[in-house]
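In what follows, a single structure is set out as structure tokens and then discussed.
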Amino acid sequence: MRILVHDANLLIDLFHGVLLEIWFAQGYEIHTTSLVLTELTDADQKAAANGLVSRGALIISDTAANEWSAAEKLARTWGVSIPDASVALLARKMDAVLMTGDGTLRKKALAEKMEVKGTLWVLDELVARDALAYSEALEALRKILESGSFLPQADCRTRIEKWSGG
């Protein structure tokens, strides 16, 4: 199974969809950087992420001191935050799947031939693994959208129709 590297955007979506526990119970090896955790400004989101870290479900793989300049350079070049650049570099270094909902990060990583997945893929995966029923996936998607997430509308409509039985 491929290693997954999460950015803050995806963790926030999963938090809003009440999917963190279900997702992190699927047996994936999931990494992020401590810089990503600094982007979680909501106390409940921070507490949830720290709980995952303390249980070993979310592995912190920090940027080494000698890699900071590469993260800063990538952030400038790609037009993303340094935390986003840190997960892109980590995913590249580990030959892992970059898990993001950030449009700019996604486009730049795909242009570099990196494998990229997002929130909708997570929902699809949970449904395919029978970890969520259609009704539960639909409710999670609605909560994520209500939180202000910028998911592709056409792809969301397709899932809403399928999961609603329409």
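Restrict the check to the range 120-143 and report whether at least one residue is within 19 Å of LEU4 (Cβ to Cβ) and in contact with a Pro (Cβ under 9 Å, 6 or more places away or on another chain). Yes, there is a match, as at least one residue in the range 120-143 is within 19 Å of LEU4 (Cβ to Cβ) and in contact with a Pro (Cβ under 9 Å, 6 or more places away or on another chain).
Counting only strands (runs of 3 or more DSSP E) that sit wholly inside the range 1-116, those with at least 3 residues that are more than 24 Å from GLU146 (Cα to Cα) are 30-32, 58-60.
So, of the residues in the range 147-166 that are exposed (fewer than 15 other Cβ atoms within 10 Å of the Cβ) and touching a residue at least 12 places away in the same chain (Cβ under 8 Å), which turns out to be farthest from HIS16 (Cα to Cα)?
Among them, the one singled out is GLY165.
Assuming GLY118 fulfils every condition listed in (1) surrounded by 19 or more Cβ atoms within 10 Å (Cβ to Cβ); (2) within 18 Å of VAL87 (Cα to Cα); (3) among the small types (Gly, Ala, Ser); (4) without any contact (Cβ under 8 Å) to a residue 60 or more places away in the chain apart from one, which condition is it? All conditions pass for GLY118, except number (4). If the condition is being under 14 Å from the mean Cα position of the chain (by Cα) and exposed (fewer than 15 other Cβ atoms within 10 Å of the Cβ), then the range 25-58 contributes only GLU29.
Read the figures in this text as sums done on the coordinates, not as results from a lab. None of these values were measured; they are calculated from a predicted model. Heads up, the Cβs are rebuilt from the backbone with ideal geometry, glycines too, and the neighbour counts pull from every protein chain shown.
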